[in-house]
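Read the figures in this text as sums done on the coordinates, not as results from a lab. Nothing here was measured: the structure is a model prediction, and the numbers come from that model. All Cβ positions, even for glycine, are placed from backbone atoms using ideal geometry, and neighbour counts span all protein chains on display.
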Amino acid sequence: MKRQSGFTLIELIIVVIILGLLAATALPRFLNVTEQAEDASIEGIAGGFASAVGLVRAQWEVAGRPVGNNAVPADNGTFVTLDGVDVGVNGDPSTAVRGYPTGNRSADTRLATVDAAACVAVLQNILQNAPTAAIAFSADNTLFVRFATPNCVYHQTAGLAAAPTDNSTSNGFTYSPTTGAVAVFLNRP
């Protein structure tokens, strides 16, 4: 007597149907994971950034609210040292709120001098392991940075084909050097 081994046609069809049902229910969940990961990534970067802004402001307070401690010209350049890194802050006595990061320690750190390059410098100076960022759009960078008066705007480059001109079609966050406020926007479809 010959003994058969293997599966019957009915058993194979049932397995294929079960696999099809699993794929139909699980696939949409896996597709949505990418969007959730991108959202969580930008929220994490923004959260770390906001904490670092608070630390810089606290260091400015601890240092006695310095104004114009950069050598030349007086009152136009203010900085604090945070973990061995000199961070330019707004020390302009004519502004109501001071002590928030404005860029590199340079000759002029007042709010009026903040631009996109200064926004990149703020990110790189206050975060220990800052994501790659540039003012020229490139998918190789994590963030595309632009300045939209009076805010620094950091756009996540994942999934973008070109540099965004506003916040309506991308994920990212804004930073106000005037008030230290950090706000996340999640608008990538």
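With +1 on the Cβ of every Lys and Arg and -1 on the Cβ of every Asp and Glu, and nothing else charged, how large is the dipole of the stretch 65-121 about its Cα centre, in debye rounded to the nearest 20?
In total the dipole reaches around 120 debye.
Provide the gained length on full extension for the span ALA181 to ALA23, in nm with one decimal, where the gain is 0.36 nm per separating residue minus the Cα-Cα distance.
52.5 nm
Compute the length gained on full extension between SER168 and GLU43: take 0.36 nm times their separation in residues and subtract their Cα-Cα distance, giving the result in nm to one decimal.
Between SER168 and GLU43, full extension yields an extra 43.3 nm.
Quick check on packing: order 160-172, 15-27 by the mean number of other C-beta atoms within 10 Å, highest mean leading.
So the order, starting with the most tightly packed, is 160-172, 15-27.
Would you mind computing, in nm to one decimal, how far apart the modelled labels at LEU12 and THR95 are, each placed 7 Å from Cα along Cα→Cβ?
7.3 nm
Summing -39500 (n - 2.57) over the DSSP H runs of n ≥ 4 in the chain and dividing by its residue number, what mean residue ellipticity at 222 nm do you reach, to the nearest 500 deg cm²/dmol?
Numbers: 2 runs with 65 residues, N = 189.
Dividing the helical sum by the residues of the chain leaves -12500 deg cm²/dmol.
Considering the alpha-carbon set of the stretch 98-189 alone, what are its Rg and its Dmax in angstrom?
When restricted to Cα atoms, the stretch 98-189 yields Rg and Dmax of 12.7, 42 Å.
Which ³J(HN,Hα) values, rounded to whole Hz and listed in residue order, are derived for the stretch 171-187 from phi using the Karplus coefficients 6.51, -1.76 and 1.60 in 6.51 cos²θ - 1.76 cosθ + 1.60 with θ = phi - 60°, glycine and proline given as x?
Values per residue, Gly and Pro as x: 9, x, 8, 10, 10, 9, x, 6, 10, x, 6, 10, 10, 8, 10, 10, 10 Hz.
Estimate the FRET efficiency between LEU31 and GLU61 by the formula 1/(1 + (r/R0)^6), using the beta-carbon distance for r and 35 Å for R0, to the nearest 0.05.
Once the sixth-power term is evaluated, E becomes 0.15.
Please work out the C-alpha center-to-center distance from the stretch 1-80 to the stretch 127-189 and express it in whole Å.
16 Å
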